[in-house]
1. Determine Rg/Rh for the chain; Rg is computed over alpha-carbon atoms and Rh is the Kirkwood hydrodynamic estimate from the same atoms.
2. Take the range 320-473, compute every pairwise Cα distance, and split them into 5 Å bins from 0; I just need the percent in each bin.
3. Which whole-number percentage describes the relative contact order of the range 242-350, with Cα contacts under 8 Å and a sequence gap of 6 or more?
4. Could you work out the relative contact order of the range 33-150? I mean the mean sequence separation of Cα pairs under 8 Å and 6+ apart, divided by the number of residues, in percent.
5. For the chain, what relative contact order do you get, as a whole percent, if you take Cα pairs closer than 8 Å and at least 6 residues apart?
6. To test your reading of the geometry: what angle, between 0 and 90 degrees and rounded to tens, separates the Cα axis of helix 64-76 from the longest principal axis of the chain?
7. Give, in whole angstrom and from largest to smallest, the semi-axes √(5λ) of the equivalent ellipsoid of the range 232-309, with λ running over the eigenvalues of the Cα gyration tensor.
8. Using just the Cα positions, wrap the range 131-246 in a convex hull and report its mean projected area in square nanometres, one decimal place.
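Please treat every number below as a calculation from the coordinates, not as lab data. Since the model is a prediction, treat every value here as computed from it, not as a measurement. All Cβ positions, even for glycine, are placed from backbone atoms using ideal geometry, and neighbour counts span all protein chains on display.
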């Protein structure tokens, strides 16, 4: 979205003399990268290879004090400001051209308090790093499903994964946050302090401040969970998805079952003749007692005649990283997403037809099952909007050759358009791409007016606008 009058008056780039950059570098404990410094290209590389931007300065911060200095520097020199956590955001909001990037990726502390079941986590931590430390104490928080994702962006956009049907969204487990505001203050946000800011942070993205620490509630999970994949032949897709829909509606909250439609990768438990052919994959995780898990998963196993069923006890942290090879950095990615209140027959048929016409071997359609404990938190309690969705569909185009850009992007957009009549109108902001600013108001639905008012309070000049931007009221 375009900025307000006050924000559009700020230049998006600036010619900096070496002295100004040197002064910034002298104030930081972290490192400063400019285009003439070794390591600059690595520092500006993020997960989605479609994003190729050239900041004037990258300030890799070591702590909250560095963040405060960097915010002030950007405003003093009229630089557009972007904030990078894990650099995994599909829209590429970790970077900007000609401006300053506040890079939080070196802020890696995870401090677990097993007695209180809380963890204090810095914004450069990835999900794999967080799970590593949490599982050392047999604890977990609902987060995403790719271990290289950053905790900061995931949380600020809402956050969901295998544990969400049991324990809610990531933001439902956020207890407090330390935030550097655009005025350079370091404040605490919680239900007791700056409660309005705390509300906005829980789903409102990076619009309101730069979080330098998250305090997350935790739950007893693992170290082993009942999890794995059930892989079916694509020829049975229509019937399988209808049966899945019926079984999913009756599943306990401890069980999550997501569907992926894609070409089979060369996994060792799949017959060679299936590799590269379309398949239906049901990915399963049960977070409760193992014996109860066997009973809960049985109806899913009774659907159709699978090619492979590798659901068994697995380390929780291992299953959290199971899809990493399919989501490795360096590929070109373009996503389109919808919230679905239900899976009607026509919507299911559209998904299956799109999977028949995948433009490449890495492209896929996945259905993330929601509901359960996600609905236990009242809609108005957080800025996250979309608790009415039973499923979130992500149309994931992924490829390596730039010559395929038109074909792959076109495929994703076509399915998105066809599914629109079956969707709620809402969207998960973390799945929205760089060309969807017009959807932001709809994504936040009834919360948008309140968010815009809080944006005016905490960032009236729209300094933090390299994101799925909420305009100040």
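1. Details: Rg = 21.9 Å, Rh = 22.7 Å.
Radius of gyration relative to Kirkwood radius: 0.96.
2. Spelled out bin by bin, the range 320-473 gives 2, 9, 16, 18, 18, 16, 12, 7, 3, 0 percent.
3. Values: 73 pairs, mean separation 27.8, N = 109.
Here the relative contact order equals 26 percent.
4. On the way: 214 pairs, mean separation 26.6, N = 118.
Relative contact order, the range 33-150: 23 percent.
5. Numbers: 1108 pairs, mean separation 81.1, N = 473.
In percent, rounded to a whole number, it is 17.
6. 60 degrees
7. Numbers: eigenvalues 108, 42, 19 Å².
They are 23, 14, 10 Å, listed from largest to smallest.
8. Numbers: hull surface 39.0 nm².
If I average the Cα hull's projected area over directions, I get 9.7 nm².
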